[in-house]
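Some notes on the structure that comes next.
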Amino acid sequence: MRQDGLTQQISARPLLAVRGLNLDFGTPRGRIHALRNVSLDVPAGQVIGIVGESGSGKSTLAYTVMGLLPENADVTAGSILFEGKDLLKMPIPARRTLLGDRLSMIFQDPMTSLNPVRTIESQMIDIQHHDQGSRSEKRARALDMLLRVGIPDPESRIGAYPHHFSGGMRQRVCIAMALLVKPALLVADEPTTALDATLEVQIIHLLKDLQKEIGCSILFVSHHLGAVAELCDRVAVMYAGEVVEQGAVRDIFHNPAHPYTRALLECDPGRIKKSTRTLPTIPGEVPSLLGSKQGCIFRTRCRHAYNRCVQESPVEYRIGLDQVARCHLLAEERLVSA
Ligand code: ATP
Ligand code: SF4
């Protein structure tokens, strides 16, 4: 009995659990609080989207998980449990071993991860350094993966250099490289933002198919809500360094609870039915992240803000089974309906 319970507990444990994460960037103007009390789960085999306006901390969160932060970054609190181990406490060599093995990343600009002066073949073989097998076996795997990501006639293309490929094809090569190592978690930071709409759809379908086949989880950072709706099982909405709402994609997109999520969805070009020359934006600006904050971080732009929002930071409220949001109104609604 005890063992069954333990097995259940282990299988229920998320692959990645971010808890109470705070991160500052040191700047000449002071400390920028880029992540504040961020908590988020990535269950095994699921795709989690991170959405929010520019500057909300999406990329910072992705890079923190990968351990690829600039020197002025300082994690001041929290933990990042990956397969039960805290990445923030892991010795650097152990963390490096995880990269390109259990964890891999796709960047917005494929040239971030490709070496311009080496052939695709040598880079795809090198990335398999954790795997057993001869060079010719690794080459065969690379060819197979190139074919699966839609590179036609890979035998004739594998010897080429990155600049011989178009932007869309380079991103396919990066996806092939990231998945060649069969990671448990793939972190994708705006992988389709630089591509046109047709290529974006193709890459999203490709990621979806390969994720199912490999069974990995994906942390997918995007400002494109349509792409998130298409690819993700769950979504976390970030605003000014905080996760303000998270839950299953269908719940968040059909029944958003946080005023910021609602505003973000109202401004989504994919959802606007009327033809218009100007796309709506959320009035006001993302607040400065310098210095400490009191009250709700969204209050300067929220049309529902009231006294309590100035004085008190909202805690997380559960809405239904699989959705949580940080807004005082949710507590008030409960009082009214009670
Ligand atoms: P975008 O969609 O534009 O990429 P984002 O949601 O990914 O935005 P981040 O790039 O994570 O946001 O930035 C979060 C905040 O941290 C922003 O205010 C940004 O200016 C700041 N920031 C990011 N990197 C640094 C850095 N190296 N030094 C100082 N501030 C930084
Ligand atoms: Fe708006 Fe207040 Fe809710 Fe913040 S807590 S989102 S300011 S109503």
I'd like to check one number: the per residue accessible area of the chain, probe 1.4 Å, reported in Å² as a whole number. 50
Whose amide H sits under 5 Å from the amide H of Ser313, counting only residues 5 or more places off or on another chain, with H placed in the peptide plane? Gly295
Every cysteine in the chain with no other Cys Cβ under 4.7 Å from its Cβ, please list them in numeric order. Cys174, Cys216, Cys232, Cys267, Cys302, Cys327
Whole-Hz ³J(HN,Hα) for each residue in region 189-205, computed from phi via Karplus 6.51 cos²θ - 1.76 cosθ + 1.60 with θ = phi - 60°, x for glycine and proline: what do you get? 9, 6, x, 10, 4, 7, 9, 6, 4, 5, 5, 4, 4, 4, 5, 4, 5
In nanometres, what is the gap between the two model label sites at Leu88 and Glu332, each 7 Å from Cα along Cα-to-Cβ? 3.4
Near the amide H of Ala77, under 5 Å away, which other amide H atoms are found, from residues 5 or more places off or on another chain, if H is placed in the peptide plane? Asn22
Say the cut-off is 26 Å between C-alpha atoms; which of Lys58/Lys293; Lys89/Lys138; Lys138/Lys212 go over it? Lys89/Lys138
Convex hull per residue volume in Å³, alpha carbons only, for region 160-284: 146
Give the Rg (one decimal place) followed by the Dmax (whole number) of the chain, computed from C-alpha coordinates and expressed in Å. 21.3, 68
Which of Val149, His223, Leu16 sits farthest toward the positive end of the charge dipole of region 13-239, with +1 on the Cβ of Lys and Arg and -1 on the Cβ of Asp and Glu? Leu16
Sorted by mean Cβ packing within 10 Å, highest first, what order do the peptides 300-306, 320-326 take? 320-326, 300-306
Note to self, the chain gives a 222 nm [θ] from helices alone (DSSP H runs n ≥ 4, -39500 (n - 2.57) apiece, / all residues, nearest 500) of -10000 deg cm²/dmol
Backbone HN-Hα couplings from phi across region 82-94 [Karplus 6.51/-1.76/1.60, Hz, Gly and Pro as x]: 10, 6, x, 10, 6, 4, 6, 9, 6, x, 4, x, 5
With θ set to phi - 60°, apply the Karplus curve 6.51 cos²θ - 1.76 cosθ + 1.60 along region 321-333 and write out the HN-Hα couplings as whole Hz, x wherever there is a Gly or Pro. 7, 9, 8, 10, 8, 10, 7, 4, 4, 5, 5, 5, 4
Using the Cα centre as the reference, give the magnitude of the dipole from point charges on the C-beta atoms of the chain (Lys, Arg: +1; Asp, Glu: -1; all else neutral), rounded to the nearest 20 debye. 380
Give the cross-link partners of Lys85 among the aspartates and glutamates, using a straight C-alpha distance below 18 Å as the criterion and excluding same-chain residues fewer than 8 apart. Asp41, Asp101
Each label sits 7 Å from Cα toward the beta-carbon; between Ala160 and Gln132 the label points are separated, in nm, by 3.5
Can you tell me how much longer the chain between Leu99 and Glu71 gets when fully stretched, taken as 0.36 nm per residue apart minus their C-alpha distance, in nm with one decimal? 8.2 nm
Rounded to a whole %, the carbon-and-sulfur portion of the accessible area of the chain at a 1.4 Å probe is 53
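The values are calculated or read from the model by the stated rules, or taken from the named source; none is laboratory data. As the structure is a computational prediction, the values presented were derived from the model and not from experiment. Neighbour counts are summed over all protein chains in view; Cβ atoms, including those assigned to glycine, are modelled from backbone coordinates with ideal geometry. Surface accessibility is based on the protein's heavy atoms, side chains included, excluding ligands, DNA and RNA. Shrake-Rupley method; radii C 1.70, N 1.55, O 1.52, S 1.80 Å.
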